[in-house]
Every structure is written in C-alpha cells, then in structure tokens.
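The structure under discussion appears below in the form of structure tokens.
Each value in this text was obtained by applying a stated rule to the coordinates, not by laboratory testing. Note that the coordinates shown come from a computational prediction; the quantities given were computed from them, not determined experimentally. Here the Cβ positions follow ideal geometry from the backbone for every residue, glycine too, while neighbour counts run over all protein chains shown.
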Amino acid sequence: MLSEMDQNQAENLPAEATEGRGILFVVSSPSGGGKGTLIQRVLNKVPNLSYSVSFTTRAPRSGEVNGREYFFIMPEKFEEMIAADEFLEWAHVHCKLYGTARKQVAREIGEGRDIILEVDVQGAASVRQLMADSVSIFILPPSFEVLKTRLTARGTDSPEELNVRLRNAPLELRDYSAFQYVILNDDAELAANQLAAIVFAERARLSRQKRKVKNVVEAFMAKEKDDSN
C-alpha cells in the first residue's frame, strides 16, 4: 500500500531508466513459485547486486535467520513502522504483514547500486506505481499441481495456511501481464540464468549509461581526428 506522501512522490519520479541511479529489480510470484530460490542463485552469479531484506509479522521457518531472509517483528512494531512512514510498500499477504524498508532501497539506488526486491504481487504493484523506472519480473510456476507439490514439500505451513496460499495463487497469477518480464520456472537453473540475463540486459540499456557511452565515442572521434592530421 502507498502512503499519501508516496503517491505525491510518485508523480515526480522518472518514468524511464535514469543514468547514475541504481536499478531496482522487483521479483514476484505466487507463494511457492520459486522466486526466493532463483534470487539466491542470481545473487551468487551476478556481481554488485544486493538484496532488500523485507519485514514480516509471520514466524520464521526452519533454517531462516532474522535479518537474512526477513526481519521478523511483532504486529505492533509493524504498525508503528507504518505510522512512521518507514515502508516503501507494505501489504497483507496470507493473513500476515509484509513490508519493504524505504531507507535501504533509497540508499542503495541513490548511491548507484543495484538491488533486488522479493515481494508479493500487491507489493510489486505499489512499487511500480511509486518507482516507474524499476524493473518488474514475474516468476510463473509451470502448473497448479507443481505449485501445490512445492508448497506441500516445503512443509512449513499448517493445512489451513497451505489452503490459503493455494486459494490465493490463481488470483495472484492474474497480475502477470502487469510485469515487464515473465520467467517460466520449470527448470530452476534455466530460470535463474534468465533472471541473471535480465539484470545484465537492463544494465546495458543506453539510457542507463549515456555518459559512459558518449565518452567512449568521443574518444574514438578524437583519435580519428588526430590520425587524419
């Protein structure tokens, strides 16, 4: 969800890629779509790419570490952060609260560093509205049966929570067309390579490196002029 301040800021943000700013990559999928696994693989493949750790009121799963996968906080603390306008975006997802810290994203991008953000489709919509130059990527599971198998095998949800996630999945899938890229996650290694390729391709956009390209071209022209004299 966007605050009134965010909505006002959104009107003044660039609609196209801007040189000097870091790139915000927004990755979303239904729960169990595999976005977390793919992101981790890409972080290991792609240099100079950081990860935005979100806040949540859900309990940690087995093996999760506070401050690595998420910052796990109580609902009361989350509500305080909403009131203090500390979130870039936040949403109710599967009966829990999730949010992205404004300061980390603003700092990384402002200093020219690229950052990857893992959010639900609600959060992705909010970020797209606020930051039009962000790059949105939807991870599509190959089938409902595969999604169900993945969620069940994960073994981290109660039967009630599992039913909520499966019931919400078709609704979340409807938003796929709002994203710039869609990756079919039927092969994790291939999907991770596609996600990494998107990062490299976006870094190569002319609009993100006009000054660098101009300097190289001018150096070529100057060399040609010297050689002709």
Spatially close lysines, pair count over the range 34-111: Cα under 22 Å, gap of eight or more or interchain: 4
Proximal lysines to Lys225, defined as alpha-carbon separation beneath 17 angstrom and excluding residues fewer than eight positions away on the same chain: Lys214
Residue exposure sequence - Ser28, Ser143 - by fewest surrounding Cβ within 10 Å: Ser143, Ser28
Neighbour cut-off at most 14 other Cβ (10 Å), DSSP loop, trypsin sites (Lys or Arg not before Pro), the range 128-229: Arg205
Inter-centroid distance (Cα atoms) of the range 46-111 relative to the range 168-188, Å: 22
Low-density loop positions, GluC sites (Glu not before Pro), the range 29-109 - DSSP coil, at most 15 other Cβ in 10 Å: Glu64
Amide H contacts of Leu140 (H built 1.01 Å from N, under 5 Å, at least 5 apart or other chain): Ile183, Leu184, Asn185
Placed amide H near Phe87: partners under 5 Å, 5+ positions off or other chain: Arg102
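Report the semi-axes of the equivalent ellipsoid for the chain in whole Å, largest first, where each axis is √(5λ) for an eigenvalue λ of the Cα gyration tensor.
36, 22, 15
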Order of Asp186, Asp226 under a 10 Å beta carbon neighbour criterion, fewest first: Asp226, Asp186
Karplus 3J(HN,Hα) series, Hz, for the range 104-116 with 6.51 cos²θ - 1.76 cosθ + 1.60 (x for Gly, Pro): 5, 5, 5, 5, 4, 5, x, 8, x, 9, 7, 9, 10
Highest-MSF residue in the chain out of Leu140, Leu38, Leu206 [GNM, Cα springs under 10 Å]: Leu206
Sequence of Met81, Met221 once ranked by neighbouring C-beta atoms within 10 Å, starting from the fewest: Met221, Met81
Amide H within-cut-off set for Tyr51, under 5 Å, with H built and near neighbours excluded: Ile116
Cβ-placed point charges (K, R +1; D, E -1), dipole of the range 41-122 about Cα centre in debye, nearest 20: 340
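So how strong a dipole does the chain carry about its Cα centre when Lys and Arg Cβ are +1 and Asp and Glu Cβ are -1, to the nearest 20 debye?
The dipole magnitude comes to about 520 debye.
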The range 70-193: C-alpha gyration tensor shape, a/c 1.5 cut-off, then a/b vs b/c: oblate
Residue-wise HN-Hα coupling along the range 77-89, computed from phi with Karplus coefficients 6.51, -1.76, 1.60 (Hz; x: Gly, Pro): 5, 4, 4, 5, 5, 4, 4, 8, 6, 8, 9, 5, 8
Relative contact order computed over the chain (Cα-Cα under 8 Å; 6+ residues apart), in percent: 32
Structure-based [θ]222 nm, the chain - -39500 (n - 2.57) summed over DSSP H runs of at least 4, per residue, nearest 500: -14500 deg cm²/dmol
Whole-Hz ³J(HN,Hα) from phi, Karplus 6.51 cos²θ - 1.76 cosθ + 1.60, for the range 149-166, glycine and proline x: 4, 5, 5, 5, 5, 4, x, 9, 10, 5, x, 5, 5, 4, 5, 4, 5, 5
